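Here you go, one structure.
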């Protein structure tokens, strides 16, 4: 008959496969007494709201060329949170794919704007180099950022944008799916 081993507070206890003859009781040890209840509540948080946009979850070959990028910000996806609370944080996650069909590398700018697309509302930016056609020219852009909700916010819309760099203007760079953009408002509990 096989044996199963359970580890409890540095004790090893063996039980047969036919466990009905055993009465397995968990005795609460003094572990929780070591920590103040307040310590257990530290660093807790609560999801308040979740918004997202997804597109094109299944991509087939040949890769789609329907979304050419320009040297200006182009909206890939948006997410809107309603009735946000000052001081809460928003965890933003973005994913989209790009393909460079040009004979030279291209710079790709991924940005997140809060409220509207203007330089004063830019909260995140990454710049990556996409290889030339035939050299790892199809890749993904992954974005993660945490934003703190400002005092004057009520409803907040986040824009995930993509664009070619200023020296890549004449290149053929395309965005395609799968596209996912999420915004999760999180309240820190006291």
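The values are calculated or read from the model by the stated rules, or taken from the named source; none is laboratory data. Treat the numbers as computed from the prediction; the structure is a model and nothing was measured. Note that we place each Cβ from the backbone using ideal geometry, even for glycine, and neighbour counts take in every protein chain shown.
Which one of the conditions (1) assigned to a loop (DSSP other than H, G, I, E, B); (2) touching a strand residue (DSSP E or B) at 6+ places or on another chain (Cβ under 8 Å); (3) within 30 Å of residue 151 (Cβ to Cβ) does residue 58 fail to meet, given that it meets all the rest?
So residue 58 meets the others, but not (3).
Could you grab the pairs with beta carbons closer than 6 Å, sequence gap of 6+ or different chains, first residue in the stretch 107-121 and on the phi > 0 side of the Ramachandran plot and surrounded by 21 or more Cβ atoms within 10 Å (Cβ to Cβ), second one in a loop (DSSP other than H, G, I, E, B) and modelled with pLDDT of 95 or more?
Close Cβ pairs satisfying both conditions: none exist.
Of the numbered conditions (1) part of a loop (DSSP other than H, G, I, E, B); (2) in contact (Cβ under 8 Å) with a residue 40 or more places away in the chain; (3) surrounded by fewer than 17 Cβ atoms within 10 Å (Cβ to Cβ), residue 171 satisfies every one except a single condition; which is it?
Condition not satisfied by residue 171: (3).
Next question, about the same structure. Do we find a residue being crowded, with 19+ Cβ neighbours inside 10 Å and touching a helix residue (DSSP H, G or I) at 6+ places or on another chain (Cβ under 9 Å) anywhere in the stretch 126-149?
yes
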